[in-house]
Amino acid sequence: MNKARSGLTILGIVIGIGSVIAMISIGQGAAGSIESRIQSMGSNLITVMPGFQKSFSQVKAGMGSAQTLTIEDAEAIVQGIPNVQAVAPELSRRYQVVARGQNTNTQIIGTVSAYPLVKNVEIGLGSFISDQNVRSMSKVAVLGPTTRDDLFGENTNPLGQTVRINGINFKVIGVTQSKGGTGFGSQDDIIFIPLTTAQKFLAGADYVSTISIQAENAQTMASVQSGITNLLLRLHNIAEPELADFNVLSQQDILTAASSITNTMTILLAAIAGISLIVGGIGIMNMMMTTVTERTREIGLRKAIGAKRLDISLQFLTEAVMLTFLGGAVGIILGSGLAYGISFFTALPTKISLFSIILAFTVSAGIGIAFGYWPAQKAAKLNPIEALRYE
Amino acid sequence: MIEAKNISKIYKSGNMETKALKGISFSIKEGEFVAIMGPSGSGKSTLMHILGCLDTPTSGKYFFEGKDVSQLSDDELADIRKNRIGFVFQSFNLLPRATVLRNVVLPLVYAGVSRDKREKQAKTALQNVGLGESHFFHLSNQLSGGQMQRVAIARALVNNPSLILADEPTGNLDTKTGEVVLDTFHKLNSEQKRTVILITHELYVAKHAQRIIRIRDGEIL
Ligand SMILES: Nc1ncnc2c1ncn2[C@@H]1O[C@H](COP(=O)(O)OP(=O)(O)O)[C@@H](O)[C@H]1O
Ligand SMILES: [Mg+2]
């Protein structure tokens with residue numbers, strides 16, 4: 001076997017397997033981090049989001065942008081649905097925030113005292129918003145740790161200080177503990193204020209953007225979910241469930257939706273990488289064809305001394321599989337290194353699973369068999385006399 | 001042990017037909033040393049391929065050890081070759097990047113002989129043709145022509161074939177090494193009682209055999 005030529009040929013397999021491994025690692029890493037983000041949102045959590053009522057013209061707008069939910073809905077859920085532990089309506093929007101000359105743009109969540117219980121938020125300093133704060137529309141704020149760091153400096157105590165949200169002064173009464181996670185949807189870069197204050201002084205409207213409900217336990221999730229749906233349909237005077245102007249989602253629903261998106265993304269990425277595998281396989285086939293031609297005399301000799309068709313075709317198949325296997329092994333190392341490098345240099349999480357390594361080995365052996373089969377057959381069928389005469 | 005009955009072989013390439021053999025009949029008994037002699041293009045190699053079960057005749061019958069092999073399939077012929085026949089070619093046909101020992105072991109691999117037994121048999125065969133231990137692990141393309149041909153003979157002998165076929169075995173060798181190789185065949189025949197068929201176009205080579213079958217233009221003279 002020609003070493004340089006074999007090396008160059010298996011490069012195609014190396015690149016193919018390497019990129020499949022890297023792509024799957026990125027996909028699964030993303031899926032893992034999204035899952036843990038959803039899990040950390042709270043336990044036995046049900047979320048009600050507004051949706052535009054589907055009119056007869058079937059114009060659908062983005063979920064969550066409508067203004068169909070109110071505090072009354074949240075109160076009705078507290079009163080009317082059994083097995084509900086806590087209910088936290090919220091109104092969230094981004095605003096410009098200023099404190100001591102520092103400027104930041106962050107998520108402002110107007111909510112009630114039940115929020116920390118429902119959303120697994122823990123208080124680090126001071127206290128969270130109280131029922132009294134909500135009743136009296138107090139201008140008080142609880143900062144997320146990232147926001148606190150941005151506005152007042154790392155690990156400082158901002159209690160009693162003032163932050164200016166959208167031109168209105170709020171007194172800081174608490175800081176939450178870090179939940180981890182960065183970027184979009186971070187639970188750390190956030191400011192909580194009383195819901196009533198947010199509605200009156202910031203939004204100037206009395207809707208809420210989300211109602212979060214914690215069921216008593218996992219067993220009651222389903223009944224609570226359907227109870228809320230029926231209750232809100234009644235309150236909103238909607239006869240047909242299909243026409244509902246809201247969506248009631250359990251954590252599981254969100255998880256399912258998110259994982260179907262990440263799965264699709266993973267498959268798509270892997271499929272693109274898979275194309276380079278096919279190209280690599282064709283390279284192997286091409287080289288094996290050349291090898292068979294070059295080694296015609298050897299094949300003739302082997303046949304003359306008693307090799308059967310199967311012996312010859314196995315010999316060449318084995319060579320092809322060994323090549324692709326070698327390519328696969330190098331590809332796995334390279335792909336894993338790439339995945340590791342990606343999570344090292346960017347914050348993107350990656351996850352190299354045993355599954356993807358087994359898959360890569362199987363696929364590379366499969367490619368050896370699939371693309372080595374034809375050359376091996378060609379070798380096996382050579383007439384020993386013709387082969388011996390071949391110059 | 002060998003009986004050819006009215007064997008013909010016609011090669012067709014495109015619409016060209018070559019009658020390489022035209023009704024050849026003869027028989028060879030076990031333990032004989034026979035030379036098949038004729039000028040170049042007379043059909044000697046074609047005949048050897050049929051006698052060696054590498055090919056089947058277009059018409060006629062060929063009995064090998066009493067069995068009609070003229071209609072057998074590829075793989076059935078391979079079975080006969082691997083157990084009963086040893087070949088020696090003019091151009092040696094050794095695997096160039098394999099060791100001497102590996103070349104001689106190869107037929108035993110296809111015959112399914114166990115690893116230990118293979119090595120032992122191959123070493124004996126090499127010693128039988130006068131190649132000692134010191135040569136076993138040379139690459140075969142580092143040998144001289146005479147040595148290569150003796151490795152090829154050892155390879156032909158290694159699975160104790162009943163018939164050894166040699167097609168112009170001295171064609172690529174000088175006279176002196178040729179004599180050594182012919183001597184080896186001689187010994188195989190006289191000491192080990194093996195049937196040897198030697199194909200050549202030169203009379204002085206043919207004269208080493210006990211009997212000469214002469215062919216010309218695909219016919220026995
Ligand atoms: N595979 C083949 N296809 C076509 N013609 C062949 C083939 N093999 C041999 N021949 C022809 O058959 C004749 C006998 O060839 P061959 O048996 O090789 O003769 P020799 O070995 O005596 O020189 C020659 O005319 C040769 O050209
Ligand atoms: Mg010839």
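The values are calculated or read from the model by the stated rules, or taken from the named source; none is laboratory data. For clarity, every value in this text was computed on a predicted model and none was experimentally measured. Neighbour counts are summed over all protein chains in view; Cβ atoms, including those assigned to glycine, are modelled from backbone coordinates with ideal geometry. These accessible areas exclude ligands, DNA and RNA; they are computed on the full protein's heavy atoms, side chains included. Shrake-Rupley method; radii C 1.70, N 1.55, O 1.52, S 1.80 Å.
General observations
- Positions within segment A:133-152 being closer than 15 Å to A:V98 by Cβ and in a loop (DSSP other than H, G, I, E, B), in sequence order: A:K139
- Scanning segment B:63-74 turns up no residue that is within 16 Å of ligand 2 (Cβ to nearest atom) and at negative phi.
- Output for segment A:292-344, where each listed residue is open to solvent by 10 Å² or more (accessible area, probe 1.4 Å), out of contact with any Leu (no Cβ under 7 Å at 6 or more places or on another chain), outside any helix (DSSP H, G or I) and more than 28 Å from A:L277 (Cβ to Cβ): A:K308
- Residues of segment B:40-65 classified as touching a helix residue (DSSP H, G or I) at 6+ places or on another chain (Cβ under 9 Å) and within 15 Å of ligand 1 (Cβ to nearest atom), total: 8
- Selection within segment B:6-20 - in contact with an Asp or Glu (Cβ under 8 Å, 6 or more places away or on another chain) and either open to solvent by less than 30 Å² (accessible area, probe 1.4 Å) or within 16 Å of ligand 2 (Cβ to nearest atom) (or both): B:K9, B:Y11
- The residue list A:A365, A:A360 contains one member that is more than 14 Å from chain B (Cβ to nearest Cβ), among the hydrophobic types (A, V, I, L, M, F, W, C), open to solvent by less than 40 Å² (accessible area, probe 1.4 Å) and touching a Phe, Trp or Tyr at 6+ places or on another chain (Cβ under 8 Å), which is A:A365.
- Residues (within 12 Å of ligand 1 (Cβ to nearest atom) and either away from every other protein chain (no Cβ under 14 Å) or without any contact (Cβ under 8 Å) to a residue 12 or more places away in the chain (or both)) located in segment B:16-39: B:M16, B:E17, B:T18, B:K19, B:K22, B:I24, B:I36, B:M37, B:G38, B:P39
- A single member of B:A156, B:A111 is in contact with a Gly (Cβ under 8 Å, 6 or more places away or on another chain), over 25 Å from B:V34 (Cα atoms) and either free of Cβ contacts under 8 Å to residues at least 60 places away in the same chain or within 14 Å of another protein chain (Cβ to nearest Cβ) (or both), and it is B:A111.
- Hits in segment B:73-88 - residues which are surrounded by 18 or more Cβ atoms within 10 Å (Cβ to Cβ), among the charged types (D, E, K, R) and more than 7 Å from every other protein chain (Cβ to nearest Cβ): B:R84
- B:M48 being within 14 Å of ligand 2 (Cβ to nearest atom) and away from chain A (no Cβ under 14 Å): no
- Number of the condition not met by A:T266 [criteria: (1) in the same structural domain as A:A30 (by TED's automatic domain parsing); (2) out of contact with any helix residue (DSSP H, G or I) (no Cβ under 6 Å at 6 or more places or on another chain)]: (2)
- Identity of the residue in segment B:119-157, out of contact with any Ser or Thr (no Cβ under 8 Å at 6 or more places or on another chain) and assigned to a loop (DSSP other than H, G, I, E, B), that ends up nearest to ligand 2 (Cβ to nearest atom): B:L143
- Failed item, numbered, when B:P96 is tested on (1) open to solvent by 30 Å² or more (accessible area, probe 1.4 Å); (2) closer than 29 Å to B:Y204 by Cα; (3) not in a helix (DSSP H, G or I): (2)
- Filter pass, A:R234 being among the basic types (K, R) and touching a residue at least 40 places away in the same chain (Cβ under 8 Å): no
- Test result for B:G43, within 16 Å of ligand 2 (Cβ to nearest atom) and either at positive phi or of a type outside the set (S, T, N, Q) (or both): yes
- Some residue of segment B:188-199 being at pLDDT below 90, more than 25 Å from B:T124 (Cβ to Cβ) and outside any helix (DSSP H, G or I): no
Yes/no per residue for (1) away from every other protein chain (no Cβ under 12 Å); (2) under 30 Å from B:V151 (Cβ atoms); (3) of a type outside the set (D, E):
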position: A:I272; (1), (2), (3): yes, no, yes
position: A:G280; (1), (2), (3): yes, no, yes
position: A:T291; (1), (2), (3): yes, yes, yes
position: A:R297; (1), (2), (3): no, yes, yes
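- Any chance B:E76 is acidic (D, E) and either near ligand 1 (Cβ under 10 Å from one of its atoms) or not in a helix (DSSP H, G or I) (or both): no
- Filtered residue count, segment B:158-189, keeping only those that are open to solvent by 10 Å² or more (accessible area, probe 1.4 Å) and either within 16 Å of ligand 1 (Cβ to nearest atom) or touching a strand residue (DSSP E or B) at 6+ places or on another chain (Cβ under 8 Å) (or both): 9
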